[in-house]
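These notes are about the structure you will find just below.
The values are calculated or read from the model by the stated rules, or taken from the named source; none is laboratory data. Please read all numbers here as calculations on a predicted model, not as lab measurements. Reconstructed Cβ throughout: ideal geometry from the backbone, glycine too, with neighbour counts over all protein chains shown. Accessible surface is based on the protein model in full, side chains and every heavy atom, while ligands, DNA and RNA are left aside. Shrake-Rupley method; radii C 1.70, N 1.55, O 1.52, S 1.80 Å.
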Amino acid sequence: SVYRLQVPEGGFSPFSLIIESTDFEIARQLTLIEFKMFSKIQISEFLNLAWTVPKLHWRASNILAMIERSNHISFWVASMVMSQARAADRAKVITKLISVASCLFQLNNFQTTISIIAGLNVSA
């Protein structure tokens, strides 16, 4: 079935979208995106640690895309928390993201789970 949010007339802010969506639905959508990227990785991309050698990056473009996605999620998590002016709102976002990470773990999406944890551990 297709899940559709009823969008209020003024639209959603990133904060309200995260808070209003269910934890499992956020985790499910992140997992679907992650799986699409993960399924593109070819076995040959793992040869000779190509993603670690700049001149061989072209051999591991899908692995590099997964790494970049992980970094974006971590920075997004930190930004979501720090963009809230009130401590109560920051606490809501942190609680929500921990719950989403738990759902991701249940879905066996370990990469995004770790990305969220990394974002929550940013020193800012």
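Over 22 Å from PHE24 (Cβ atoms) and either among the basic types (Lys, Arg) or more than 10 Å from the chain's Cα centre (by Cα) (or both) - does that describe any residue in segment 99-120?
no
Please verify whether segment 57-75 includes one or more residues that are aliphatic (A, V, I, L, M), at negative phi and free of Cβ contacts under 8 Å to residues at least 12 places away in the same chain.
No.
Among the residues of segment 18-56, what is the count of those that are touching a residue at least 60 places away in the same chain (Cβ under 8 Å) and over 15 Å from the mean Cα position of the chain (by Cα)?
Counting residues in segment 18-56 that are touching a residue at least 60 places away in the same chain (Cβ under 8 Å) and over 15 Å from the mean Cα position of the chain (by Cα) gives 1.
Report yes if some residue within segment 85-99 is outside any helix (DSSP H, G or I), without any contact (Cβ under 8 Å) to a residue 24 or more places away in the chain and among the aliphatic types (A, V, I, L, M); otherwise report no.
yes
Return the residues of segment 57-89 that are of a type in the set (A, V, I, L, M), open to solvent by 30 Å² or more (accessible area, probe 1.4 Å) and farther than 21 Å from ILE19 by Cβ; say none if nothing qualifies.
LEU64, ALA65, ILE67, listed by residue number.
Considering only segment 91-110, state which residues are open to solvent by less than 70 Å² (accessible area, probe 1.4 Å) and touching a helix residue (DSSP H, G or I) at 6+ places or on another chain (Cβ under 8 Å).
VAL93, ILE94, LYS96, LEU97, SER99, VAL100, ALA101, SER102, CYS103, LEU104, LEU107, ASN109 - these are the residues of segment 91-110 that are open to solvent by less than 70 Å² (accessible area, probe 1.4 Å) and touching a helix residue (DSSP H, G or I) at 6+ places or on another chain (Cβ under 8 Å).
When you scan segment 8-21, do you find a residue that is out of contact with any Asp or Glu (no Cβ under 6 Å at 6 or more places or on another chain), modelled with pLDDT of 90 or more and either open to solvent by less than 50 Å² (accessible area, probe 1.4 Å) or not in a loop (DSSP other than H, G, I, E, B) (or both), even just one?
no
Given LYS40, LYS36, which one is at pLDDT 80 or above, of a type in the set (Lys, Arg), open to solvent by 40 Å² or more (accessible area, probe 1.4 Å) and not in a helix (DSSP H, G or I)?
LYS40
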